[in-house]
Structure formats: structure tokens, C-alpha cells
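Undergrad: Questions regarding the structure given below will be posed in turn.
Any read-out appearing in this document is the output of simple, stated calculations on the displayed coordinates, not a laboratory observation. Small disclaimer: the values here were computed from a predicted structure and weren't measured. Reconstructed Cβ throughout: ideal geometry from the backbone, glycine too, with neighbour counts over all protein chains shown.
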Amino acid sequence: MCSATCSAPPETSSGTNFLIETRDLWHVYDGGVNALQGANLQIQPGGFVAIVGSNGSGKTTLIKHFNGLLKPTSGSVLVNGMDTCRTRTSQLARVIGFVFQNPDHQIFASTVLEETIFGLKQMGVVSEEAQERTTRALQAVGLYEMRNRHPRQLSLGQRQRLATASVLALETQVLVLDEPTTGQDFVARRQIMSLAMDLNRQGRTILVVTHDMTLVAEYATRVIVMKAGQVLLDATPKEVFSRDDILRQTGLKVPPVVELGRGLGAIDRAATPLTLNELYEVIVSKLPPGKASSKSLRHKPLGTRGQ
Ligand SMILES: Nc1ncnc2c1ncn2[C@@H]1O[C@H](COP(=O)(O)OP(=O)(O)O)[C@@H](O)[C@H]1O
Ligand SMILES: [Mg+2]
């Protein structure tokens, strides 16, 4: 599946502790599209990282390099210090779990259960443990009751969750999700994201490609902003949402909470509220003494940041 062979000399991590590092990464597809044009980034273990940018900015191409699905045309990618050019995809798959944007590219078994257990069998996990992990993964995505159905009987949102379960069951150190909330209703979106958050709390690193800026505000610890095959900015959500120059260049829109916070005026950019609770705190802090109520929001926001 690799679109290019690796010709560069082997890279080493030279003592760094990055989980994933790309160095001057270029990827040119057959036909000459320069999808990545010198992307540099470093991802630390344990983060919840959002990768954002307009359509065609190279996000999917970038993350496909992390599990060796694509190889650099030039430059390098190191995963746990392993140069992906010289590491078998099967070895990278033990570190990086990858949920595709379109679940139908990933699903091929004839029942939900078989689909979920397939990767574990491939990895040689013994039957009893494979069964346990499969049950846990299907319960986590809310599909256990449908385990005997054919994947074609599931809705698109359910197939997306099935694809997530198959990768979850592998219990990899890193979970990469490409547009996981696209096509999901409100409840499924919350289910997927709180699952990712739980995994992150347990120490897994989460990488999410998304257009959903509310998701970024609520969950991400870092945001990588892509433009034209390069990393334009790698910063916290607060920093990204306060950089009008970056937002303008990439066409990204701040989430409604951030917009509302700004619209209320006089809010220091460094204190940009990212969730409804944060917005509430900012508003209360601006009220004259005696006007502030100690009641917290009746409707809690989805995100759990700062709670
Ligand atoms: N398989 C492919 N063959 C040729 N060009 C591709 C292929 N996949 C993506 N591209 C092109 O590479 C660029 C980056 O695409 P992609 O990584 O999918 O961006 P994003 O995920 O940010 O939307 C786009 O111009 C896209 O049309
Ligand atoms: Mg994409």
C-alpha cells in the first residue's frame, strides 16, 4: 500500500522521548500531488492531540505515515524511536491503532463479533483473552448487544463504532481517529469522545483528525494545525483560538463558546473560555459584587475539561 519506497538513510531518535516524530516529511502521491511538504512535528506520550486544517491540507496523509500505511517520499517518521521506513507495518500496528475515516474500508467480516476479534487473532492473542477484550471493546462502543449481526445491518454511525471497537480491542498505546464524529448523532458523538477521554486518562495517547472545533475545545490538550502539507502551528487550544492570523489562513472557525466569550467583550485572550462552564466562570467574575450566583450551570457541557 506504500506509495513510495524509502530511500533515506535510517534515522534514530537520538535520545528523544517522543512517541511520534516527523522530520521534514514529504509525501508525493503518484500523479505528482505534494500532499506533505516538509511537515515537522513531535508528539509526546499521553496527550489528546487534535489535528485540524482545511480539506486537502494533508491530515489523513500525515496520520497514515504513523502506522506505515504510507512511507515518506523524503524525510522521516519515527514511532517510539523506530524509523517507519525500516519497521514492519505489523510491528507498528502494535503501537498505533488506526480507525479509518470511512469504516467500510476497514470492515469485512460477516458478524460484528468476528470483525472485532479478527485483529486480535492476527496478533496471536489466545482465544480466551481475545474473547474478553472483544467483549470489553464492544461494550465500550455500545454494540455488544448487536454482536451477532452482519455489519451491513448497522447504520453508518454504528459501523464507525464497530471499526473503533476492532482497534480498541488491540489495546495499542496510541489510538488514531480520522474524523470520528462525522455522521454521528449527538449521543454517539458523546459516546465516542468520552471513550477516547477514558482511554486517554488510562494513559493512551489519542490523535484525532477533526473539523469539529467544539470537540477540539472540549477534549484536546494540543492542537496541530495543518496547511498545505505543513504544520503551521502546534499549540494548546486556547493559543490556537486566540491566533486570528492562523484562523484566517486556515479558514478554521472558533467554537460558539469561544465566539460568545469574545462577543461579551473585555475577556482577556489568555483566558479564552473553552467550555460552557469556563464561560460561566468568566461571566460571573465580571459581574458586580452581589450579582453573582453561586449556582453552577444547570446544563453541563459535554467536555470534562477543568471539572
Ligand atoms: N491516494 C491519493 N492519490 C493522489 N492524491 C491524493 C490521494 N489522497 C489524497 N490526495 C491528495 O493529497 C492532498 C492531501 O489530502 P489528504 O491528506 O486526504 O487531506 P485532508 O485529510 O487534510 O483532507 C489533497 O490534495 C488530496 O487530493
Ligand atoms: Mg482527511
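Undergrad: Ordered by packing density, taken as the mean number of other Cβ atoms within 10 Å over each peptide's residues, highest first, how do 152-160, 272-280 rank?
TA: Packing order, densest peptide first, comes out as 272-280, 152-160.
Undergrad: Neighbour counts of other C-beta atoms within 10 Å: give me His27, His150 arranged from fewest to most. Kindly include the intermediate steps, with their values, before the conclusion.
TA: Values: His27 25, His150 13.
Ranked by crowding around the Cβ, least crowded first: His150, His27.
Undergrad: Continuing with this model, one more query. At q = 0.20 Å⁻¹, what is the base-10 log of I(q)/I(0) for the stretch 42-114 according to the Debye formula with one equal point scatterer per Cα and no solvent? Please give it to two decimals.
TA: Values returned for q = 0.20 Å⁻¹ are -1.02.
Undergrad: When the dipole is taken about the Cα centre of the chain, and only Lys, Arg (+1) and Asp, Glu (-1) are charged at their Cβ, what size is it in debye, to the nearest 20?
TA: Computed about the Cα centre, the dipole is about 600 debye.
Undergrad: Compute the convex hull volume of the Cα atoms of the chain, divide it by the residue count, and report the result per residue in Å³ as a whole number.
TA: Expressed per residue, the convex hull around the Cα atoms of the chain is 148 Å³.
Undergrad: Taking a ≥ b ≥ c as the square roots of the eigenvalues of the Cα gyration tensor of the stretch 129-200, is the shape rounded (a/c under 1.5), prolate (a/b larger than b/c) or oblate?
TA: oblate
Undergrad: How are the C-alpha pair distances of the stretch 19-155 spread across 5 Å bins, as whole percents from the shortest bin up?
TA: Per 5 Å bin, starting at 0, the Cα pair percentages come out as 2, 9, 16, 18, 17, 14, 12, 9, 4, 0.
Undergrad: Along the Cα→Cβ direction, 7 angstrom out, place labels at Val284 and Glu145. What is the inter-label distance in nm?
TA: It works out to 3.8 nm between the two label points.
Undergrad: What nm distance separates the two modelled labels at His211 and Asn40, each placed 7 Å from Cα along Cα→Cβ?
TA: That separation, rounded to one decimal, is 3.1 nm.
Undergrad: Of Lys59/Lys253; Lys59/Lys227; Lys71/Lys121, which ones are farther than 19 Å apart at the Cα? Mind dumping the intermediate values first?
TA: On the way: Lys59/Lys253 17 Å; Lys59/Lys227 9 Å; Lys71/Lys121 26 Å.
Too far apart for the 19 Å limit: Lys71/Lys121.
Undergrad: Can you pull the one-decimal nm distance between simple spin-label points at Arg152 and Glu129, each 7 Å off the Cα toward Cβ?
TA: Distance between label points: 3.5 nm.
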